[in-house]
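Visitor: After the structure tokens below, expect a handful of questions from me.
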Amino acid sequence: MEPIHTEIVVVGAGPGGYAAAFYAADLGRKVLLVERDQRLGGVCLTRGCIPSKALLYAAHTVTSARESERRGISFGPPTIDVAKLRAWKESILTRLSGGIAQLAKLRGVQVLHGRGYFEDSRTLRLETEQGQQFINYDHAIIAVGSKPAMPKAWDLGNPRIMTSNEALEVEEVPESLLVIGGGYIGMELGTVYASLGSKVVLVEALETILAGADPDLVRPIIAYAYKAFKEVRLTTKVGKMATSGKHIKVEFDLDGQKKEELYDRVLVAVGRSPNADDMGLENTKVSFDDRGFIHVNEKQQTTDPAIYAIGDIVGGVMLAHKAAKEARIAVEVIAGQDSAFVDITIPAVVFTDPEVAWCGLTEAEAKAKGLEVRVAKFPWAASGRALSFDRPEGLTKLIIEPETERILGVGIVGTGAGELISEGVLAVEMGATAKDLALAVHPHPTLSETLMEAAEAFYGQATHTFARKRLQ
Ligand code: FAD
């Protein structure tokens, strides 16, 4: 096959890669998008954000039906047709990835399926089912993402030991499930399986789950986990694992004592590792950190002048919207604009029940950096909207700079926190003050009012709470 020449080749069609390819095409560039999977959309669409949220939605109907009993409406125990659930989830993925393919076509982005391998700084070799295709480019954007980390000692080749990839396939609802890792992936998938009926034991080596979030925001999630899971074990380490008939024998280190237990399945959710090995990057000038993530500067430039990198492969906050933002920056820099990933607010959302979301500075970060801040809170127990759907356990908090009254960070725990946090992102990005948020009329009764009332609470004037004086 004749070599192809393109202005920009994007390797990997996840939320970073396809966003970069589409934006570059929108700016009039000739773009080629390379993806080794048959489906476009990357981990986020096929093995991450979307399938996990679909399953969480399905699982939520089980819990809300059960909880409605105390409001006088009872349903019988649920019947779960796993094949149908899986087919419904798959239909969403097919529809979305078909949509991405369609959007690529409409923009004139050429999509080639195959594994990309760098021959040198200006040549990508694509290994396709039909053979090899060489691509010469002016600029490459690497967006090859990450994969679940699986410690060697646990990699027994037994399908009962799952990563998030297999857990999202929902082959069955195991009677007992051990979830290793109390980060957002372990918590979200633990929530799915617990709602579907598994007895979930969650193990976390640290003293808390969701270590990045402020402790007061995590508290309702911990309360949920203690209720929904069979057990939550903090500061606990998992040792060896072995196959034992149809079970996995797991060794724990509990307060210096070894203990063994049998589980039907185990979900290992202990982090993610970069996909940069085995793609010829040693033939370029691209360099890596000691964990294998690609080094980039704030312009998404690698140490090779022709190559940019974005998304999970550059590490940092490994979230889809961070990848998509970096995509825009890389493309703008290639297009000659003075863009950089500086002072950009990347929100985090954990889609547990309740959800927890935060953006900008957290209270814990302020403390660690020795920054003086004021924290204004509005408890959802005082929100008519939260009470009207029976979920008053939430909390909205603002982290405020004392002299300027600027909002530096926002944290929310409660139903729908993932949707609410965007107002916080806007406030932080626009340099809004607590006064701005307090003066903006919010519709009643909504959960968004909790942001306004938290701002009012800063001035000691929240309508639905009482404070003797303004926060000092
Ligand atoms: P990826 O999405 O990983 O895409 C990389 C693509 O590159 C893949 O399609 C891969 O096949 C392809 N590729 C790799 N190597 C090659 C090669 N050599 N040649 C050609 N193609 C190649 N993030 C959120 O923001 N919100 C969430 O709710 C959320 N939930 C998640 C739930 C789970 C269970 C998991 C695992 C992740 C979740 N994430 C979530 C994280 C999110 O999926 C990632 O941050 C995001 O997908 C990263 O995007 P990316 O474009 O960098 O790479």
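Visitor: For region 114-133, give me the residue count where each residue is over 24 Å from Glu282 (Cβ atoms) and within 14 Å of the ligand (Cβ to nearest atom).
Guide: Total satisfying the criteria: 1.
Visitor: Take the residues of region 149-202 that are within 18 Å of Glu355 (Cβ to Cβ) and of a type in the set (A, V, I, L, M): which is nearest to the ligand (Cβ to nearest atom)?
Guide: Ile185
Visitor: Which of (1) closer than 26 Å to Asp312 by Cα; (2) in contact (Cβ under 8 Å) with a residue 12 or more places away in the chain; (3) of a type in the set (Gly, Ala, Ser); (4) surrounded by fewer than 15 Cβ atoms within 10 Å (Cβ to Cβ) is the odd one out, the single condition Ala223 does not satisfy?
Guide: (1)
Visitor: Give region 164-193 a look and list any residue that's outside any strand (DSSP E or B), farther than 30 Å from Ala364 by Cα and hydrophobic (A, V, I, L, M, F, W, C), or say none.
Guide: Ala167, Leu168, Val170, Val173
Visitor: Related question: The conditions are (1) within 8 Å of the ligand (Cβ to nearest atom); (2) polar (S, T, N, Q); (3) open to solvent by less than 10 Å² (accessible area, probe 1.4 Å), and Thr6 fails exactly one of them. Which is it?
Guide: All conditions are met except number (1).
Visitor: How many residues, within region 14-39, are within 20 Å of Ser146 (Cβ to Cβ), touching a His at 6+ places or on another chain (Cβ under 9 Å) and either in a loop (DSSP other than H, G, I, E, B) or free of Cβ contacts under 8 Å to residues at least 40 places away in the same chain (or both)?
Guide: The number of residues fulfilling the criteria is 4.
Visitor: Going residue by residue through region 64-80, is there one that turns out to be touching a residue at least 12 places away in the same chain (Cβ under 8 Å) and within 14 Å of the ligand (Cβ to nearest atom)?
Guide: No.
Visitor: For the condition touching a helix residue (DSSP H, G or I) at 6+ places or on another chain (Cβ under 9 Å) and of a type outside the set (Lys, Arg), what is the one hit in Ala386, Ala306?
Guide: Within the list Ala386, Ala306, the selection yields Ala386.
Visitor: Could you tell me whether Glu67 is of a type in the set (D, E, K, R), surrounded by fewer than 18 Cβ atoms within 10 Å (Cβ to Cβ) and assigned to a helix (DSSP H, G or I)?
Guide: Considered against the rule, which asks whether it is of a type in the set (D, E, K, R), surrounded by fewer than 18 Cβ atoms within 10 Å (Cβ to Cβ) and assigned to a helix (DSSP H, G or I), Glu67 comes out as yes.
This table checks each residue for (1) part of a strand (DSSP E or B); (2) in the same structural domain as Tyr193 (by TED's automatic domain parsing); (3) open to solvent by less than 10 Å² (accessible area, probe 1.4 Å).
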residue	(1), (2), (3)
Val342	no, no, no
Ala364	no, no, no
Lys377	yes, no, no
Ala386	no, no, yes
Asp390	no, no, no
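Visitor: Report the residue count in region 226-250 for those that are under 28 Å from the mean Cα position of the chain (by Cα), surrounded by fewer than 16 Cβ atoms within 10 Å (Cβ to Cβ) and touching a residue at least 12 places away in the same chain (Cβ under 8 Å).
Guide: 6
Visitor: With the checklist (1) part of a loop (DSSP other than H, G, I, E, B); (2) buried (at least 17 other Cβ atoms within 10 Å of the Cβ) in hand, flag the one item Phe75 doesn't pass.
Guide: (2)
Visitor: Here's something else I'd like to know. Go over the candidates Asp304, Asp253 one by one and state the one that is free of Cβ contacts under 8 Å to residues at least 24 places away in the same chain and not polar (S, T, N, Q).
Guide: Asp253
The values are calculated or read from the model by the stated rules, or taken from the named source; none is laboratory data. These figures come from a predicted structure and were not determined experimentally. We place every Cβ from the backbone using ideal geometry, glycine too, and count neighbours over all the protein chains shown. Note: areas computed on protein heavy atoms with side chains; ligands, DNA, RNA excluded. Shrake-Rupley method; radii C 1.70, N 1.55, O 1.52, S 1.80 Å.
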